[in-house]
Amino acid sequence: MKTDAGTRIEIFPGALHLPGFLSVAQQYVLGARCRSIGTGSPGWYVPTVRGGGKMSVRMVCLGYHWNPKTYTYETRRQDYDGQPVQALPGDLRDLGVRLAGAAGMQIAPDVCILNYYGVDGKMGLHQDKDERPETLRAGLPIVSVSIGDTAKFVLGGFNRKDSTTTVLLKSGDGFVFGGLSRLRYHGVAGLLPGTAPRGLALNGRFNLTFREGAAN
Ligand code: MD6
Ligand code: FE
């Protein structure tokens, strides 16, 4: 089985695409893990953002819960059901460390946000800036890995209206957002349905982002 492990494509300084970071066999294992986390307790929920709209993804946070109303990290899902968050398992934390390392960066993740996109899932342009100010200033990366259908990942600049570039994130691809790109706008314009490796038996896509700086 050929994988592209080791390839890194610099989209912008600090924004690196890692095609084929996970082999297909590793994708199966992680895909099954994502399902069991999401159907565990506390499991999937649909975030309602400040303006009252519902996001089109389902989410579970590990380590800390990201509250979409207050834009802060907390130990219970205060915006939803008050349940305590699941811990961030050591092997997933290590996956985050390895993703950063593959891009020549370092991170000690204390939170992972797992998103599930159904075939119509999207995510609007946003900046990730709710982590501790020191980690933002230091440009510590957010790293991600995707499983399932290919996503149209959109990268912009530092203002919402800046022009954007689209990168196709396939199943098994990593993406690292650090250094000078840490605060770039980005989002998911949509999926290419039916593009997941068949053996995953997944309609849609999981994306895991690992972050450092949720703890106060
Ligand atoms: C997604 N990802 O790929 C959404 N953020 O579904 C993100 O918003 C993201 O992939 C920061 C760093 C990497 C990411
Ligand atoms: Fe993001």
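The values are calculated or read from the model by the stated rules, or taken from the named source; none is laboratory data. Since this is a predicted model, take the numbers as computed values, not measurements. Cβ sites come from the backbone with ideal geometry, for glycine too, and all protein chains shown count toward neighbours.
Structure data summary
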| quantity | calculated |
| --- | --- |
| In region 148-199, the residues that are of a type in the set (Gly, Ala, Ser), touching a residue at least 60 places away in the same chain (Cβ under 8 Å) and either within 15 Å of ligand 2 (Cβ to nearest atom) or loosely packed, with under 14 Cβ neighbours inside 10 Å (or both) | 174, 178, 181, 187, 189, 199 |
| For residue 85: the one exception among (1) surrounded by 15 or more Cβ atoms within 10 Å (Cβ to Cβ); (2) out of contact with any helix residue (DSSP H, G or I) (no Cβ under 6 Å at 6 or more places or on another chain); (3) closer than 27 Å to residue 165 by Cα | (3) |
| Filter pass, residue 150 being more than 15 Å from the chain's Cα centre (by Cα), modelled with pLDDT of 95 or more and more than 9 Å from ligand 1 (Cβ to nearest atom) | no |
| Filter result (away from ligand 1 (no atom under 11 Å from the Cβ), in contact (Cβ under 8 Å) with a residue 12 or more places away in the chain and in a loop (DSSP other than H, G, I, E, B)) within region 133-147 | 139, 140 |
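Conditions tested, residue by residue: (1) outside any loop (DSSP other than H, G, I, E, B); (2) in contact with a Leu (Cβ under 7 Å, 6 or more places away or on another chain); (3) under 19 Å from residue 50 (Cβ atoms); (4) within 16 Å of ligand 2 (Cβ to nearest atom).
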| site | (1), (2), (3), (4) |
| --- | --- |
| 79 | no, no, yes, no |
| 96 | yes, no, no, yes |
| 104 | no, no, no, no |
| 107 | no, yes, no, yes |
| 112 | yes, yes, no, yes |
| 119 | no, yes, no, no |
| 124 | yes, no, yes, yes |
| 131 | no, no, yes, yes |
